[in-house]
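Written below as structure tokens is the structure these notes are about.
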Ligand SMILES: [Zn+2]
């Protein structure tokens with residue numbers, strides 16, 4: 001049985017999945033948000049983070065992944081099409097709709113204030129592959145558009 005804990009991290013939300021097999025994190029928030037996720041883990045009385053899955057290579061989805069890996073040892077994963085962006089500390093823009101210009105301006109402002117950490121993924125998963133080897137019964141769905149490697 002799983003319990004999903006949404007964690008507000010700035011503009012985005014990270015999801016901490018709790019099960020008897022361990023904790024699993026989907027997205028890690030912006031740089032500096034690791035403390036929010038660690039606080040939730042402490043609230044749960046758990047330290048067994050088994051993986052960090054990144055839905056896509058934007059600063060508000062992997063910005064704290066490197067810090068969390070250093071602290072917990074949890075491996076970081078992403079779709080192969082976004083792996084280079086993370087490895088180079090980039091946050092490429094994908095398809096933007098009506099509020100896209102606001103996003104572009106906000107991202108330039110935020111990234112000028114705080115560098116995005118270089119985050120080399122430990123593993124990648126393509127469409128249809130699973131995370132079962134980490135103890136999480138989940139299948140990666142490739143949903144490109146927002147970024148080339150966006151997943152659900
Ligand atoms: Zn995004």
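Rule-based calculations on the coordinates, nothing more; no lab input. For clarity, every value in this text was computed on a predicted model and none was experimentally measured. Cβ atoms come from the backbone with ideal geometry, glycine included; neighbour counts cover every protein chain shown.
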Extending each Cα 7 Å along its Cβ direction at residue 88 and residue 19, get the distance between those two points in nm, one decimal. 3.5 nm
Taking only Cα atoms, what is the 0 to 90° angle, nearest 10, from helix 100-113's long axis to the longest principal axis of the chain? 70 degrees
So for the chain, averaging the separation of alpha carbon pairs under 8 Å that are six or more residues apart and normalising by length, what relative contact order in percent results? 21 percent
Calculated FRET efficiency, residue 104 and residue 48, Cβ-Cβ r, R0 35 Å, to nearest 0.05? 0.35
Where is the GNM fluctuation largest for the chain (alpha-carbon springs, 10 angstrom cutoff): 121, 80, 31? 80
Using a Förster distance of 41 angstrom, determine the FRET efficiency expected from the C-beta separation of residue 141 and residue 114, and round it to 0.05. 0.85
Semi-axes of the equivalent ellipsoid for the chain, please: Cα gyration tensor eigenvalues, times 5, square-rooted, ordered largest first, whole Å. 24, 18, 14
Relative contact order for the range 105-152: what is it in percent, counting Cα pairs under 8 Å that are at least 6 residues apart? 21 percent
Rounded to the nearest 10 degrees, the helix 34-44 long axis (Cα) sits at an angle to the longest Cα principal axis of the chain of 20 degrees
Among 105, 68, 93: highest mean-square fluctuation, GNM of the chain, C-alpha pairs under 10 Å: 105
So which residue, out of 136, 111, 51, gets the largest mean-square fluctuation from a GNM of the chain using Cα contacts under 10 Å as springs? 111
Using a Förster distance of 41 angstrom, determine the FRET efficiency expected from the C-beta separation of residue 35 and residue 127, and round it to 0.05. 0.80
Taking the range 6-47, how much of its Cα-Cα pair set, in percent, is spaced more than 12 angstrom apart? 55 percent
Hey, what number do you get for the chain at 222 nm if only DSSP H runs of n ≥ 4 count, each worth -39500 (n - 2.57), divided across all residues, to the nearest 500? -8500 deg cm²/dmol
